[in-house]
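Worksheet for the structure shown next.
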There are 2 protein chains.
Amino acid sequence: MPDAAPTAAALIIGDEILSGRTKDKNIGFIADTLTDIGVDLMEVRIVADIEEAIVEAVQALSERYDFVLTSGGIGPTHDDITADAVARAFGLPIGIDQRAVDVLLPYWANRGIEPNEARLRMARIPQGATLIENRVSAAPGFRVKNVFVMAGVPAIMQAMMDEVVKELRAAQPVLSETIEAHRGEGDIAAPAAAVQAAHPEVRIGSYPYHDGTRFTTRLVLRSRDAAALAAATAELRSAIGMPATA
Amino acid sequence: MPDAAPTAAALIIGDEILSGRTKDKNIGFIADTLTDIGVDLMEVRIVADIEEAIVEAVQALSERYDFVLTSGGIGPTHDDITADAVARAFGLPIGIDQRAVDVLLPYWANRGIEPNEARLRMARIPQGATLIENRVSAAPGFRVKNVFVMAGVPAIMQAMMDEVVKELRAAQPVLSETIEAHRGEGDIAAPAAAVQAAHPEVRIGSYPYHDGTRFTTRLVLRSRDAAALAAATAELRSAIGMPATA
């Protein structure tokens, strides 16, 4: 059974993540959300606020994957260059988008916020883009081709993701089974490899961790085929001497 | 004053991060550590346990940056393919490395751990690599050319980083000043852009966040030139009506 799930990449944009000053909170959220709706997150990149770096990453990822989700760099300051970089990546003109202005001006007016030139940068949208609603602070994200451009502030990004998931083609969710092996990875590596070889439609991951006392291993089996998943799980439990209780 | 700091990229390898099941803890640690020693982290990639994806990322990043730090995929199981992928990326032979065996066998013997074939996979090291000591669980990381290959388990990765930083060329650390602007990004965008234009040797970042009550902005000025940093900070404080107290 071939894996027919749509693929995606995430592109996190911002010097503050690369310097360590801000700890990323968006990758995990994007990963969880895509897994929930059956989209395979295949790659994540974090790049600096450098136009060339953003352009190159957008081009590479949008060619390779079904969807690209970006986060960061769409605010009002000089280092917010994501919209211009995405426009350049696709050779599109960019300017103040009246639809965005029509959302922003009343929002600002209600809050006594001055609509200055810097703030109006947030209405710069590549031509032909569709807007992504921002119910937190109004300034919209946007979609160009297969690229969804979202804010970097987690609360805003998460609100935008609610809109993005509506557009992502839903796929059969990935099913998974987890086995806590209660032993070191080296003890379960050979049986895990054998079961993996026998069940190519199931992906078996082995994840060592320290449980506070010693190193132990969690085995995770993932598939879109429920029957194959059940069979592989039963075989692996048996092979490591942990058959499921009846 | 040109930025002469060495550059680096981080490559995080593992399906578990991309599925969201494991939340990454290594990117922030690597970012903080590199910033502390004056190395500029320019890019991060997260890729799956797929050999082609790892090979391609290692090649791209090692060509582009002074150093590449990888994390993940060097354990004993079938999905631990980083060592083989790095060898392939550089066209190097790979096999059981006697130096690694000499570290692992006594470590295992002392703990009653059986040195089976799966565990011995952890001694597979590309030819010509130097080893990176692992004082947590013995199985070494390694360096090939400008690529440092480390474990994914945070405690082990952090121990290996202590060894890696010794090898990274120390550079003048980046100095920084932070201004809490106590107002929205749109209000400080124009003065920040003007000061940025006047001080190309200083990098000014503007980071909006929600302080629990409202959106506010932190301005961070970074430079390796202390005098330029002081001048730009004073100008920016003055421009936004927040001169430093005497």
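With the requirement that a residue be open to solvent by less than 40 Å² (accessible area, probe 1.4 Å) and touching a Pro at 6+ places or on another chain (Cβ under 8 Å), what does the range B:225-237 give you?
B:LEU236
Between A:LEU11, A:LEU69, which is under 30 Å from B:ALA193 (Cβ atoms), in contact (Cβ under 8 Å) with a residue 40 or more places away in the chain and within 12 Å of chain B (Cβ to nearest Cβ)?
A:LEU11
Mind counting the residues in the range A:31-44 that are more than 8 Å from chain B (Cβ to nearest Cβ) and aliphatic (A, V, I, L, M)?
2
When you go through B:VAL136, B:VAL164 one by one, which is the residue that is under 16 Å from the mean Cα position of the chain (by Cα) and of a type outside the set (D, E, K, R)?
Being under 16 Å from the mean Cα position of the chain (by Cα) and of a type outside the set (D, E, K, R) holds for just one of B:VAL136, B:VAL164, which is B:VAL164.
Kindly list the number of the only condition in (1) open to solvent by less than 60 Å² (accessible area, probe 1.4 Å); (2) over 19 Å from B:ALA190 (Cα atoms) that fails for A:GLY95.
Every listed condition holds for A:GLY95 apart from (2).
Condition test on A:ALA5, is it open to solvent by less than 20 Å² (accessible area, probe 1.4 Å), more than 7 Å from chain B (Cβ to nearest Cβ) and in contact (Cβ under 8 Å) with a residue 12 or more places away in the chain?
Considered against the rule, which asks whether it is open to solvent by less than 20 Å² (accessible area, probe 1.4 Å), more than 7 Å from chain B (Cβ to nearest Cβ) and in contact (Cβ under 8 Å) with a residue 12 or more places away in the chain, A:ALA5 comes out as yes.
In this structure, is A:GLN172 modelled with pLDDT under 90, of a type outside the set (A, V, I, L, M), open to solvent by 60 Å² or more (accessible area, probe 1.4 Å) and closer than 30 Å to A:LEU69 by Cβ?
Taking the combined requirement at face value, the residue satisfies it.
In the range A:44-78, what count of residues is obtained for those that are touching a Phe, Trp or Tyr at 6+ places or on another chain (Cβ under 9 Å) and either surrounded by fewer than 23 Cβ atoms within 10 Å (Cβ to Cβ) or aromatic (Phe, Trp, Tyr) (or both)?
3
Within the range A:1-53, track down each residue that is closer than 26 Å to A:SER176 by Cα, outside any helix (DSSP H, G or I) and of a type in the set (Gly, Ala, Ser).
A:ALA4, A:ALA5, A:ALA8, A:ALA9, A:ALA10, A:GLY38
Among (1) open to solvent by 30 Å² or more (accessible area, probe 1.4 Å); (2) in contact (Cβ under 8 Å) with a residue 12 or more places away in the chain, where does A:GLY38 come up short?
(1)
Quick check on my filter: what residues within the range A:31-58 are closer than 20 Å to A:MET160 by Cβ and out of contact with any helix residue (DSSP H, G or I) (no Cβ under 8 Å at 6 or more places or on another chain)?
A:ASP32, A:LEU34, A:THR35, A:ASP36, A:GLY38, A:VAL39, A:ALA57
Determine whether A:ASP80 is within 23 Å of B:SER206 (Cα to Cα) and in contact (Cβ under 8 Å) with a residue 24 or more places away in the chain.
Yes.
Quick check: is even one residue across the range B:79-94 more than 8 Å from every other protein chain (Cβ to nearest Cβ) and of a type in the set (Ser, Thr, Tyr)?
yes
Is it fair to say B:ALA194 is surrounded by fewer than 20 Cβ atoms within 10 Å (Cβ to Cβ) and touching a residue at least 24 places away in the same chain (Cβ under 8 Å)?
For B:ALA194, the condition - surrounded by fewer than 20 Cβ atoms within 10 Å (Cβ to Cβ) and touching a residue at least 24 places away in the same chain (Cβ under 8 Å) - is met.
Looking at A:GLU180, A:GLU201, A:GLU167, which is the one that is touching a residue at least 40 places away in the same chain (Cβ under 8 Å), more than 10 Å from chain B (Cβ to nearest Cβ) and open to solvent by 50 Å² or more (accessible area, probe 1.4 Å)?
A:GLU201
Output the number of residues of the range B:143-163 satisfying the condition of being modelled with pLDDT of 95 or more, in contact with a helix residue (DSSP H, G or I) (Cβ under 8 Å, 6 or more places away or on another chain) and closer than 17 Å to B:ALA83 by Cα.
9
Matching residues to (1) in contact with a Lys or Arg (Cβ under 9 Å, 6 or more places away or on another chain); (2) closer than 24 Å to A:ILE27 by Cα:
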{"residue": "A:GLY95", "(1), (2)": "yes, no"}
{"residue": "A:ALA109", "(1), (2)": "no, no"}
{"residue": "A:ALA123", "(1), (2)": "yes, no"}
{"residue": "A:LEU131", "(1), (2)": "yes, yes"}
{"residue": "A:GLY152", "(1), (2)": "no, yes"}
{"residue": "A:ALA159", "(1), (2)": "yes, yes"}
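Limited to the range A:183-198, what total is found for residues that are small (Gly, Ala, Ser) and more than 10 Å from chain B (Cβ to nearest Cβ)?
Adding up the residues that qualify gives 1.
Of all residues in the range B:24-35, which are free of Cβ contacts under 8 Å to residues at least 24 places away in the same chain and within 20 Å of B:THR82 (Cα to Cα)?
Those that are free of Cβ contacts under 8 Å to residues at least 24 places away in the same chain and within 20 Å of B:THR82 (Cα to Cα): B:ASP24, B:ILE27.
Inside the range B:210-224, can you point out the residues that are part of a strand (DSSP E or B) and either at pLDDT 90 or above or surrounded by 15 or more Cβ atoms within 10 Å (Cβ to Cβ) (or both)?
B:PHE215, B:THR216, B:THR217, B:ARG218, B:LEU219, B:VAL220, B:LEU221, B:ARG222, B:SER223
So B:SER137 clears everything in (1) open to solvent by 50 Å² or more (accessible area, probe 1.4 Å); (2) polar (S, T, N, Q); (3) modelled with pLDDT under 95 except one condition, right? Which one?
(1)
The values are calculated or read from the model by the stated rules, or taken from the named source; none is laboratory data. Values in this document were obtained by computation on a predicted structure and should not be read as measured data. All Cβ positions, glycine included, derive from the backbone under ideal geometry; neighbour counts span all protein chains shown. Keep in mind that these areas ignore ligands, DNA and RNA; they rest on the heavy atoms of the full protein, side chains included. Shrake-Rupley method; radii C 1.70, N 1.55, O 1.52, S 1.80 Å.
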